[in-house]
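The values are calculated or read from the model by the stated rules, or taken from the named source; none is laboratory data. All figures in this text were calculated on a predicted structure; none of them were measured in a lab. Every residue, glycine among them, receives a Cβ derived from its backbone with ideal geometry; neighbour counts consider all protein chains shown. The protein model used for the area step is the full one, side chains on, heavy atoms only, and it has no ligands, DNA or RNA in it. Shrake-Rupley method; radii C 1.70, N 1.55, O 1.52, S 1.80 Å.
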Amino acid sequence: MIFRRYFGWFALVTAALWVPATAVEVWMAYRDGVSSIGAVQSAEAKAARRLIEDHLHGIERQVRDVSSLPWRSGALTEEDRRREFQRLLKVVPAIHEIHRWDAEGRETLYVSRVWKDRVNEPAAGSPPPMLPVGTASTYGDVSFRDGLEPFVSIVLGESDAPGAGTVGVLVDLKFVADYIASLRVGKQGVAYLTDRAGTIIAHPDTDLMLRRQSIAEAPQFQALSGATEQDDGLRALYVASTKGGRYVSARNLEPTGWHVFVEQPSAEVFEPVREALMRGVAIFVLGLLVAFGASLWIARRLAGPILDVKRGAERIAHGDLAARIDVKTGDEVQALAEEFNRMAAQLQDYTFGLERKVLEKTVELQNALKLAHEAMKARALFVAAASHDLRQPLYAISILADTMALENLPPGSAAALTKQREAIGILQTLFDNLLDLSRFDAGEVRLNVRVNSLHEVLMPLVSEYEFLCSAKGLAWGSEIAEVAVRSDPELVRRLVGNLLSNAVRYTRQGGVGLRARVEGAEVEIVVSDSGVGIAPEDQARVFDEFVQVGNPERNRDEGVGLGLSIVRRIAELLGARLTLESTVGKGTQIGFRIPLAEGVAAGPAAAPEREPPSRARLWGLRVWIVEDDRVVRGALALQLATLGVRHAFATRRHELEALHHRDGAWPDAVVVDDMLGPHESGLDIALWLRACMEPERIVVVTGNSDPHRLRALDGTGVRVLRKPVAAGDLVLWFRTLGARSSQAGVPAG
Amino acid sequence: MKARPQFGHSFRSALLLPAVLCLLGGGVTGCDADAPVAKRVVYVNFGHDRAKAAFAKLRKALEEEGVTRRYSLSVEHVTLDSFDPQEVRTLFSHQVASHPDVLVAPSSFMAIEARAVTREVPIIFASRPDPVDAGLMRSLDERDTNLAGLTLYLPVDWKRLELLRESVPAARRVGIVVDHYWLGESVAQRYLAESAAAFGIRWVVVEVNEQRDLGKITAAAPGVDAWLVTKTIAAGEFPERLVKVLEATRKPALYPETRFAEMGGYMSYDAVIDDPFRVFARQIGLVLAGVPPARIPVVRPKRFELVVNTAAARGFGVKLDRHLIARADRVL
C-alpha cells in the first residue's frame, strides 16, 4: 500500500517533468528537421547545379578558347585547328567529337575519338547527325547513343564577326550521370537530373534513365514549373506516396534548362524527431525505474517493521507461541512489537500449564486403566479357580446322587434323593449362569456364525422340553420350519433353551410352545407360555440380573434370575432384537429373529434318541480314570462299581503305562480330568493316549471355562465333557463304547 | 489526360531504388538487417593461368563492391576445356540444372551458348565484339533479356588506322592481324573496303587463330609496311608471342590494347573500361539484389588511351611526329 502510494507520486512527478521536456525537445527536433531539410537539400542541389554548370561551362570555355585563336589571320590552317580539337579531346574526356561548320554551314572539320577525322572533306562513314548552326551556345536535346549513353550537343558560334563559323561538340553525359549517381543526401536520399521536359537524364537507378522516365506530371516538377525565377528552384516540397512521404528540393540549371532534384524520405528527415522521442521515452522509463526503486526502498524502510509485526502476530495467531517479533526501530512500532512479544510469552506460559495438567491427567487415567486391566485379570483368575475348585465337590455330589438313584430306595428316601438332585441341578444352573455372565461381561464369548439346519439347532431342545413339560403336566407344542439359518447355532440354542427353561419354570398349568416361522428373509423364533405373565411396568427390567418378577420370596425352585440376563446378552451378541408380549395371568411370548441362509436347503433333523440310564451292556466294561481329586475319585469309584464297570485310577502318565503293562492292553475307555496339577495336564495325557488308542474312547472332563483352553481341547479330536458331568451322559457314552466293543468282538467284562 | 504516370506513385522502378541504394551506399536501413542470404555465382572460363587470374580479380572486385559481405556468397570457377560450341552448351546446361543465381560468361561465344540454354538464369557477359553484331542481343537496350554485362567494342579501328597512317605516312601496304571471329563480323569486310579507299592503302590480311599461325605474320612481313592488330584470339591468348613476332618484322605496329605497348610494341590505341571486374561485380550485385538483368545497362568504354613507345620507334628508325606525341595519353 505504502509502496503503491509512493510509486504513484514518484511516477506522477517523473511524468510531470518528462512530458513537457520531451514535448519541447520533439517539437524543436521537428522544427529543426523541417527547417534544415530545406537548407540541406538546397545546398546539395546548388552544389550539384554548380558542378554540372561548371562542367558544361568549362567545355564551352575550352571550345571558345580554341575558336578565339586567329584562324582568319592566315597563319593557322585547318590542320592546326584539328590538332587543337584533338588536344581538346585529350584534356576533356567528356567531349566525344567535334564538328566545325563554316558560315555557309559546310562542314570543314570533324574530329572524333572513334572515327576517322575529316578535314575539308565530305562526310564518310557514319558520323552522328548534328544540330543546325546557331549564333550562341545552344544545347540540344539529350540523346542516348545505342540507347545506352546520354549525350548532349552544344553548338557555339565562333564569334559575332561576319563569316565566323560554328562549332558543335558532342558531350558524353556519362560523366555527369556518374557524378549525380554518386551524390549522397543523408542515408537514403538521392539526386537526379532531368531535362527541361522532365525526362530523367541521370539517376542512381540507371533503368529510369535508360527508359527515358519522365516526371513531368510529378508534383515536384509541376511545382518547379510554377516557381518564379526569383524562387531559383524548389525548397523542401513534401511529396506524399504510398511508400511514405519524402521531401524534394530542386534547382534549375542554366543555360541547359535542366533541373537537378534532391529528395529524401521523410522518415529519414524526421529521424532526429523519432530519436528525440525514443530518448525521451527511455528517460521516462529510466525515471520510472528510479521511482520504483526509491518507492521500494522507502516502503521497505517504513512498512518493513510494520509488516514484521504483522507477520509475527500471524504466527502467534496460528499457534507458534515461541515466535517473537524482532523490530529495532526505537519508536512506537518497536513498542508494539514488544507488547506482542509479552502477550505471546503469557499465552505460551498458560498453554504450557494446560498441557502439563492434561499430561498429568492422562498418566492418572493410564494408571487407572492399568489397574482395571489387572483387576479384570484377577477376576478371570478367580473365575477359573472357582470353576475348578467349586465344581469338583459339586461334581462328586452329583455323581453320588446319580449313583444313589440307581439303587432301589425306600419311597421316603427316594423322594429325598429326588429333592437333593433337584437342588444339585439348581446349584449347577446357578453356577453355570454365573460363569456365563462372567464370560459374556469379559468379552470372552465370540460369535461363530455358520450355516445350519434350523432343525439341527432346535430339535434337541424340542425333545428335552417336550419331556420336561410332560413330566410337569404341561402341554407342549412346537413348529420348526425346515430351513437353513446363518447364525451361531450354540448361542441360538442357549438363547432358546433359556427362554424355554424360563417358560416351563413359570407355567403351572396350560402349556409351553416353540415356534420358528419364516418371515421374509428371516426366521422368527418365538417361545410362548401360559404362565403368570409379566406386568407392563416390569417388562423393561425382566432382562436385568437377578430380577424375578412374581417371586419376591426368591423361591430357588423358580431360578435365580439370571436366565433372561444371559438371553439379553446372547441376543445383543447375535444382533437380534428381542420382542416381549405378556399379559399378567395369561402368559408371555418372547421372540427374536435370525437370518435365513440363502440357497441352502435344510431337512428335518432327527431327534436324538433318548434312552434311560441302565446298567445293561456296561458289565465288564474296562475303564481307566485319570483323576487326582480324592473326593471325586471316591464318588466315581462308587458310581462305576454300581454300574458294573471295571475301573482303575491313575494320576500321571507313567501310572497309565504301568496299568497297560499290568493288563497287557489298553482299556475300553479313558476318562481324563483336565486339571491334574502342576506336572502335566489332562490335555497332555489325552494327546499322548491318542497315539495309543482310538480317540473316540477318550473323554476329557474339564471345569475350565477359559475359551482358549476349551478350543485347545476341542482341537484334539477327543470327546470333551463339561463338569459337573451328569451320570446319564457318562453312562450313555459308556454304553456306546460297550456296543462298539461288542460289535468289534471285544469281550465285555 | 495524364500523359505520364505520377512520379513516386506508379513508378514501376520504385522497387528498384532501395536495392540500388543498398548497392551504392550500403547504408540504407534494412539492407543489412537480415542474416546473409546464400547465393551462388558460377564463373565459366578456361582453366589457364590468365583465366584463374581473372577469376581472382572478380572475387576481389566482389569483395570491394561489398557483394561478398551482403550475401553468403559462393563463387565457383567452372573450367571449360574446349571451344567446341556443343561442349560449351552442354557445360552450361549442367550448370543451369544446378540452379545458380548468376552465370558469368566472360566472352561472347560463351554467352551465346549460355543464352541458348537458359532464359531465366541471369547471365553476366563480357564481349569483345559488338554484342548485337555477334547475335547475343537484339539491341544494347533490349528490354526482354536475361543478359547484362559489358562490351569492349567500339568501332575504333578507323581511328587506329588513322593513327597508324599519321605515324607512318609512307605506309601503303598495311598488314592487319585478325582471326576468324573478326572476319566473321558483318562490319569487317565493309571496314576493310571503305578504310582502304579512305586512307589509300592496301590491306594484307593475316589470320591468326592459334600460335602456329604466327608464322604467317613472318611470312607476310616483306610485303607489309606497317601492322594493325585487332582484338583477336592472338591478342587475348598469346600476346607476348604476338608482340615478339611482330616486332621481329621490324615494321611499326599499332596494337589494340595498352599492354602491348608496355610489352615493347610500337603504339596502341584502346577504348578502355577502367576496371571491368568492378563493373562485373556491380552488375552481379544488382542481379543478386533482385534487379532484372534487362534493367541493367550494358557498359561500354568511355575512356580512350593512346600510348606511344618511343624506344620501339627508335628501333624501327621511325621519327615520331611531335603532334602525335602531344596527343598521346602516355609516352613510353
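If you go through region A:79-115 and keep only what is touching a residue at least 40 places away in the same chain (Cβ under 8 Å) and within 17 Å of A:Leu173 (Cβ to Cβ), you end up with A:Pro93, A:Ala94, A:Ile95, A:His96, A:Glu97, A:Ile98. Looking at B:Ala253, B:Ala235, B:Ala226, just one residue is open to solvent by less than 20 Å² (accessible area, probe 1.4 Å), away from chain A (no Cβ under 14 Å) and in contact with a Phe, Trp or Tyr (Cβ under 7 Å, 6 or more places away or on another chain), and that residue is B:Ala253.
Going by the conditions given, is B:Ala196 part of a helix (DSSP H, G or I) and in contact with a Lys or Arg (Cβ under 9 Å, 6 or more places away or on another chain)? The answer is yes for B:Ala196. With respect to the conditions (1) open to solvent by 80 Å² or more (accessible area, probe 1.4 Å); (2) within 60 Å of the chain's Cα centre (by Cα); (3) closer than 25 Å to A:Leu636 by Cα, A:Phe382 falls short on a single one, namely (3).
Applying a threshold of 9 Å to beta carbon distances and a minimum spacing of six or more residues, or different chains, the list of pairs starting in region A:442-471 at a residue that is in contact (Cβ under 8 Å) with a residue 40 or more places away in the chain and open to solvent by 30 Å² or more (accessible area, probe 1.4 Å) and ending at one that is in a helix (DSSP H, G or I) and among the hydroxyl-bearing types (Ser, Thr, Tyr) reads A:Glu444/A:Ser438. Taken as a whole, the condition of being at pLDDT 85 or above, farther than 17 Å from A:Ala94 by Cα and within 60 Å of the chain's Cα centre (by Cα) does not apply to A:Leu69.
Residues in region A:190-210 that are modelled with pLDDT under 85 and over 19 Å from A:Gly140 (Cα atoms): A:Pro204, A:Asp205, A:Thr206, A:Asp207, A:Leu208. The set of residues from region A:646-675 being crowded, with 21+ Cβ neighbours inside 10 Å and in contact with a Lys or Arg (Cβ under 8 Å, 6 or more places away or on another chain) comprises A:Pro667, A:Asp668, A:Ala669, A:Val670, A:Asp674. Residues that are at the interface with another protein chain (Cβ under 9 Å from one of its Cβ atoms) and either surrounded by fewer than 22 Cβ atoms within 10 Å (Cβ to Cβ) or under 20 Å from the mean Cα position of the chain (by Cα) (or both) within region B:264-295 comprise B:Ala271, B:Pro292, B:Ala294, B:Arg295, listed in sequence order. Among the numbered conditions (1) more than 21 Å from B:Ala253 (Cβ to Cβ); (2) at pLDDT 90 or above, the only one that B:Arg165 does not meet is (1). Counting only residues that are hydrophobic (A, V, I, L, M, F, W, C), open to solvent by 20 Å² or more (accessible area, probe 1.4 Å) and over 23 Å from the mean Cα position of the chain (by Cα), region B:202-223 holds 4 of them.
Of all residues in region B:309-328, those satisfying the criterion of being in contact with a Ser or Thr (Cβ under 9 Å, 6 or more places away or on another chain) and free of Cβ contacts under 8 Å to residues at least 60 places away in the same chain are B:Asn309, B:Ile325. Scanning region A:391-425 for residues that are closer than 20 Å to A:Val632 by Cα and not in a helix (DSSP H, G or I) yields A:Leu406, A:Glu407. Considering only region B:132-142, state which residues are more than 10 Å from every other protein chain (Cβ to nearest Cβ) and open to solvent by 20 Å² or more (accessible area, probe 1.4 Å). B:Asp133, B:Ala134, B:Gly135, B:Arg138, listed by residue number. Within region A:1-35, the set of residues being under 30 Å from A:Pro265 (Cβ atoms) and polar (S, T, N, Q) comprises A:Thr22, A:Ser35.
B:Ser82 meets the conditions (1) assigned to a helix (DSSP H, G or I); (2) open to solvent by less than 40 Å² (accessible area, probe 1.4 Å); (3) not acidic (Asp, Glu) in every case but one. The failed one is (1).
Go through region A:79-104 and give me each residue that's open to solvent by 40 Å² or more (accessible area, probe 1.4 Å) and under 15 Å from A:Thr166 (Cβ atoms). Don't jump to the end; show me each part of the working.
Filtering region A:79-104 down to residues open to solvent by 40 Å² or more (accessible area, probe 1.4 Å) leaves A:79-80, A:83-84, A:87, A:90-91, A:93, A:103-104.
Within region A:79-104, A:Ala103, A:Glu104 meet the criteria.
All conditions but one from (1) surrounded by 18 or more Cβ atoms within 10 Å (Cβ to Cβ); (2) assigned to a loop (DSSP other than H, G, I, E, B) apply to A:Ala299; the one that does not is (2). Taken over region B:143-178, the residue count meeting the criterion of being open to solvent by less than 20 Å² (accessible area, probe 1.4 Å), within 14 Å of chain A (Cβ to nearest Cβ) and under 30 Å from B:Ile284 (Cβ atoms) is 8.
Does A:Glu79 qualify as being modelled with pLDDT of 85 or more and either under 60 Å from the mean Cα position of the chain (by Cα) or farther than 22 Å from A:Pro150 by Cβ (or both)? It is true that A:Glu79 is modelled with pLDDT of 85 or more and either under 60 Å from the mean Cα position of the chain (by Cα) or farther than 22 Å from A:Pro150 by Cβ (or both). A:Thr716 satisfies every condition listed in (1) β-branched (Val, Ile, Thr); (2) surrounded by 21 or more Cβ atoms within 10 Å (Cβ to Cβ); (3) part of a loop (DSSP other than H, G, I, E, B) except (2). Residue count for region A:74-118, restricted to those that are in a helix (DSSP H, G or I), within 23 Å of A:Asp54 (Cα to Cα) and more than 10 Å from chain B (Cβ to nearest Cβ): 4.
Taking the numbered list (1) out of contact with any helix residue (DSSP H, G or I) (no Cβ under 8 Å at 6 or more places or on another chain); (2) open to solvent by less than 40 Å² (accessible area, probe 1.4 Å); (3) modelled with pLDDT of 90 or more in turn, A:Gly620 passes all entries but (3). Scanning region B:296-332 for residues that are under 30 Å from B:Ile123 (Cα atoms) and open to solvent by less than 50 Å² (accessible area, probe 1.4 Å) returns B:Ile296, B:Pro297, B:Val298, B:Val299, B:Arg300, B:Pro301, B:Phe304, B:Glu305.
With the structure loaded, tell me whether B:Tyr181 is away from chain A (no Cβ under 14 Å) and in a helix (DSSP H, G or I) or whether it fails that test.
Details: away from chain A (no Cβ under 14 Å): yes; in a helix (DSSP H, G or I): yes.
Yes: the conditions hold for B:Tyr181.
Residues that are of a type in the set (Phe, Trp, Tyr), farther than 27 Å from A:Trp18 by Cβ and open to solvent by less than 80 Å² (accessible area, probe 1.4 Å) do not occur anywhere in region A:268-285.
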